[in-house]
Amino acid sequence: MPTLTPDEWQALALSLKVSFWATALSLPVGLLTALVLARGTFRGKSILNGLVHLPLILPPVVTGYLLLLTFGRRGPVGAFLDANFGIVFSFRWTGAALAAAVMAFPLMVRAIRLSIEAVDARLEDAAGTLGANRLWTFVIVTLPLILPGVIAGAILAFAKAMGEFGATITFVSSIPGETRTLPAAIYGYTQVPGGQPQAMRLTLIAVAVAMTALIASEFVARRVARRIRDG
Amino acid sequence: MSLDVRLRHAFGSFILDVDFTAPAGVTALFGRSGAGKTTVVNAVAGLLRPAEGRIVVDGATLLDTARGVDVPKHRRRIGYVFQEGRLFPHLSVRQNLAFGGWFAPRTAPQPDFGQVVALLGIAGLLDRSPGLLSGGEKQRVAIGRALLSAPRMLLMDEPLAALDEERKAEILPYLERLRDETRVPILYVSHAVAEVARLATTVVALKDGRVARIGAAADVLSDAGAAPLFGPTEAGAVIGARVLRHDPDGLSELAAGGGRLLLPWVAAAPGTTLRVRIHARDVIVALRQPEAISALNVLPAVVAQIGGGEGPAVDLSLICGPDRVLARITRRSLIALDLAPGRPCFAILKSVALEGRESGETTAAFRAEDR
Amino acid sequence: MRPPRHRQLLAALLALCVTAAPPASAQDVMIFAAASLKTALDGVAAAWSAETGSEAVVSYAASSALARQIEAGAPADVFISADLDWMDYLASWGLIDPDTRRTLLSNRIVLIAAGTDAPPVEIAPGFGLAALLGEGRLAMADVDAVPAGRYGKAALETLGVWGNVESRIAETENVRAALAFVALGEAPYGIVYATDANAEDNVTIVGTFPEDSHPPIRYPVALTADTANPAAADFLEFLGAAPARALFEAQGFTVLDPTDADAHAG
């Protein structure tokens, strides 16, 4: 494997950092959303479902633009967060993480929701009759049983985040060290004549990371599922 | 302790409308599939909210739609044993059992883990995973788990339905012990008359969403009017009988209220009171004491009640001493023998089935005062 | 001579991902044009359609991206680039018809600020751009590939300011995206074409870069080598006609006469 230049390392390290935080912080939200969609019965459930899947269907650039309008320096949420908590997304890796998280969210929710639906709701009823309230039932019964799905969903989201480009570049542009993730770097190199070797090297790395993540996701999910089944 | 259930709920065109009060002991909720039994039990457990209803267990109001009371299921303290067991697959047997204990309120009397395990004979299974247990073992663990949640009442929804005959026979004694040795009242759903006959103190018979008959087990099972609910093959009275002695030729002699009974050797010590079941189809009615017949069990009786219906067969309820026995004969014979309430006769019992043990207490409740 | 296989393949993959050329019917002309031309060229294309009855379909993107797409075989009839280098690049691969090439327009680059009444900035050697930016960023198109970015970088280098602001740049895919960042207030300042600033109400031109601080901004236009569309040549002619000139000048472009120095490398 040929060695990487400092610029290439920077892009790779930034991608890993952005994807990690995007996945880690959206996991609780994704879990809650999947739970609500799987077990909830309320008006507007299909609207929620639609919203969750929107990033999957909208062109990434549109999603990026919407993020820019909402979380940018002058956007309603962005300005509020900056003024009250000092959280800034504009042109920062936090913005890249937000874009990656939003784009990966539907995949995460889908995977977790499927695994929740696979848990026999009657087991949850049984836990209820034994005195466990909804929270305890979730923690002791549901969560361990959906763990394979949660892990698979997280890894899938991580892989998607690693590959996120359109929304990121529209929202926070491409700033080396801050928002120039692996895909943005690859794109940049292809735009410059003579940038092919770098682009190719980074592409191979991106493919390797994605394949590793997907294989690991499968492996972990199967291991955990087997352990639960056999006790 | 009592169970007070009144509810009304509609499923499409099927309307469930029940109203009954049951005393302590095992209350069997009997009926055909679709009669509404599981709905009633789910409503008591809090898994289903009926359109209208009022459920009071041991003085505690769990549901009262009129006053907006609906205690959530995790606070009702009703132990539920499901048909499929529903053990948590990712926890060991020990952890499944302990689960109930984790959420039992501190103020409730804590059942003793060792005692429950001994009662159900599951000591050897504690470290196994639920996936590796047989059906009967799973059910026993499920019962133990429900007991350990210190419930004020146990619900059992056809707990033996998914088991084969051998497993059923294996568990029934444990259920009898449950009935006799714990103070916990049980609402037992079943469509199997044999189970009801063996275990029930009180029977609530449901038909088409309504309570068709309610009363002490002995009364309901020997009621000629209620016999159609149980079907021609299964209808039959249960009576208590005390073992007197075991004869060397392989027969045991028992004393029932209305006479002596001889059964093939019974594995119980003299003095033990047992529950015997007499299928209606196994009873022949004679006007005179028969001579020179092979049947050994002949009890003098008086016709008490003739069942309704128009078919070729008819059910009779006969009084034999303090007990009642159900007989199923042809209408032709009914007319030919001119049987009517008050007519003395003889009940010839072709076969007597042994159903199980009777504890002193249950026998007392079982033989209701109002005869 | 065609570019080597692997370059074509990579360029093709990218072309798929970035912008898809909309399908065109027989008499329609497919034009690839630099993003900065959007407002003016839309008008010109509409005028041409009204006159001839044929459809002029324009795909706008950074000149770099468009050149890549043409290299990969995108079905463009006409290419208008924002700098000479990308046209030269395609010419070197024989992808444009050299006889149809001419330099169409000229432009200026300006420093813009967010809002409608920002104070003017004196653009002189060593001017305090870094101080002006403060915590914010300077929005510019990609400084290595996109013409507007390259001109901007050249200007800042000439003025001796590049070193101070190099780490404060927010690079975008094309010049219009940089314009959008400033218009939204996301970036306090940006470097775009004068014509872009004219097209956008929410920015103010606070200074114009001296023409000698960067290579001359030239917009060459040519027919692609593969085009067999007779209407394309007609459109090319129309670009030099009076109505088109008026539209370009209204946006702030300088229209060059065909006799003006067509400074291009072979």
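Structural remarks
- When the protein assembly as shown is described by a simple charge dipole with +1 on each Lys and Arg Cβ and -1 on each Asp and Glu Cβ, the residue from B:267, B:187, C:43 located farthest towards its positive end is B:267.
- Counting every other Cβ atom within 10 Å of each residue's Cβ, C:48, C:93 order from fewest to most as C:93, C:48.
- Put a dot 7 Å past the Cα of residue B:107, heading toward its Cβ, do the same for residue B:192, and the two dots end up 3.9 nm apart.
- Semi-axes of the equivalent ellipsoid of the stretch B:236-366 are 27, 16, 12 Å, computed as sqrt(5λ) over the eigenvalues of the C-alpha gyration tensor in descending order.
- Positive dipole terminus of chain A, leading residue within A:184, A:79, A:48 (C-beta point charges): A:48
- Gaussian network model of chain A, Cα within-10 Å springs - most flexible of A:135, A:25, A:51: A:135
- Computed [θ] at 222 nm, deg cm²/dmol, chain A (DSSP H ≥ 4; -39,500 (n - 2.57); rounded to nearest 500): -26000 deg cm²/dmol
- For the stretch B:293-361, GluC sites (Glu not before Pro) meeting the loop criterion (DSSP other than H, G, I, E, B) and having at most 10 other Cβ atoms within 10 Å: B:310.
- Label-to-label distance, nm, for residues given as residue A:117 and residue B:262 (7 Å Cα→Cβ offset): 6.8
- Only Cα pairs under 8 Å and 6+ residues apart enter the sum, and on that basis the relative contact order of the stretch A:1-159 stands at 31 percent.
- Label-reachable residues, the stretch B:278-295, where backbone N falls under 15 Å from a point 7 Å from residue B:251's Cα toward its Cβ: B:290-295
- Of all DSSP beta bridges in chain C, antiparallel share, percent nearest 5: 55
- Kirkwood Rh and Cα Rg combined as Rg over Rh, evaluated for the stretch A:3-54: 1.29
- Alpha-carbon Debye profile of chain C, log10 I(q)/I(0) at 0.07, 0.10, 0.11, 0.15 Å⁻¹: -0.24, -0.50, -0.60, -1.08
- Rounded to 10°, Cα long-axis angle of helix B:165-181 versus longest principal axis of chain B: 80
- Rg and Dmax of the stretch B:3-221, Cα atoms only, in Å: 16.8, 49
- Sorted largest first, extent of the protein assembly as shown alpha carbons per principal axis (Å): 140, 56, 54
- For chain B, the percent of C-alpha pairs falling in each 10 Å distance bin, counted from 0 to the bin holding the largest distance, reads 5, 23, 30, 24, 13, 5, 1.
- Anisotropy class of chain A from Cα gyration tensor, a/c 1.5 cut: oblate
- Overall, the anisotropy analysis places the stretch B:161-250 in the prolate class: the square-rooted eigenvalues a ≥ b ≥ c of its C-alpha gyration tensor yield a/c not less than 1.5, with a/b exceeding b/c.
- Distance between modelled label sites at residue B:294 and residue C:164, nm, 7 Å Cα→Cβ extension: 12.0
- Considering only the protein assembly as shown, percent of DSSP beta bridges that pair antiparallel, nearest 5: 75
- Cα gyration tensor category, rounded, prolate or oblate, for the stretch C:109-213 with a/c compared to 1.5: rounded
- On the basis of the beta-carbon distance and an R0 of 45 Å, residue C:249 and residue A:49 show a calculated FRET efficiency of 0.30.
- Computed extension gain for residue B:115 through residue B:207, at 0.36 nm per residue and net of the alpha carbon distance, reaches 29.3 nm.
- Panel order for A:122, B:86, by other beta carbons found within 10 Å of each beta carbon, from fewest to most: A:122, B:86.
- Peptide A:184-191, shielding by other chains (average Cβ, 10 Å cutoff): 5
- Two-site FRET efficiency, residue B:164 against residue A:7, from Cβ-Cβ distance with R₀ of 51 Å, rounded to 0.05: 0.10
- Note: relative contact order over the stretch B:3-221, using C-alpha pairs below 8 Å and six or more positions apart, is 31 percent.
- In percent, rounded to a whole number, the relative contact order of chain B is 16, using alpha-carbon pairs under 8 Å and six or more apart.
- Across all Cα pairs in the stretch C:15-151, the calculated P(r) in 5 Å bins from zero up to the longest distance comes to 2, 8, 16, 19, 17, 13, 9, 8, 6, 2, 1 percent per bin.
- Average partner coverage of A:169-178, which counts Cβ from other chains inside 10 Å: 5
- The Cα-based radius of gyration of the stretch B:199-282, divided by its Kirkwood radius, gives an Rg/Rh of 1.07.
- Total charge dipole magnitude, the stretch C:114-266, about the Cα centre, Cβ charges on Lys, Arg, Asp, Glu only, Debye to nearest 20: 200
- Taking chain A as a Gaussian network of alpha-carbon nodes connected by springs under 10 Å, the highest mean-square fluctuation of the residues A:192, A:109, A:119 belongs to A:192.
- Dividing the helix sum by the residues of chain B, where each DSSP H run of 4 or more adds -39500 (n - 2.57), gives a mean residue ellipticity at 222 nm of -6500 deg cm²/dmol.
- Computed from point charges on the beta carbon alone (+1 for Lys and Arg, -1 for Asp and Glu), the dipole magnitude for the protein assembly as shown about its Cα centre is near 4640 Debye.
- Shown for B:92, B:317: other C-beta atoms within 10 Å of each C-beta, ranked fewest to most, produce the order B:92, B:317.
- For chain B, lysine pairs with C-alpha atoms less than 26 angstrom apart, excluding pairs fewer than eight positions apart on the same chain, total 8.
- Taking B:328, B:177, B:140 as the candidate residues, the one with maximal mean-square fluctuation in a Gaussian network model of chain B, Cα springs under 10 Å, is B:177.
Quick note: the coordinates plus some simple rules give every number you see, no bench work behind them. This one's a predicted model, so the numbers in the text were calculated from it and none came from an experiment. Cβ: placed from backbone, ideal geometry, glycine included. Neighbour counts: every protein chain shown.
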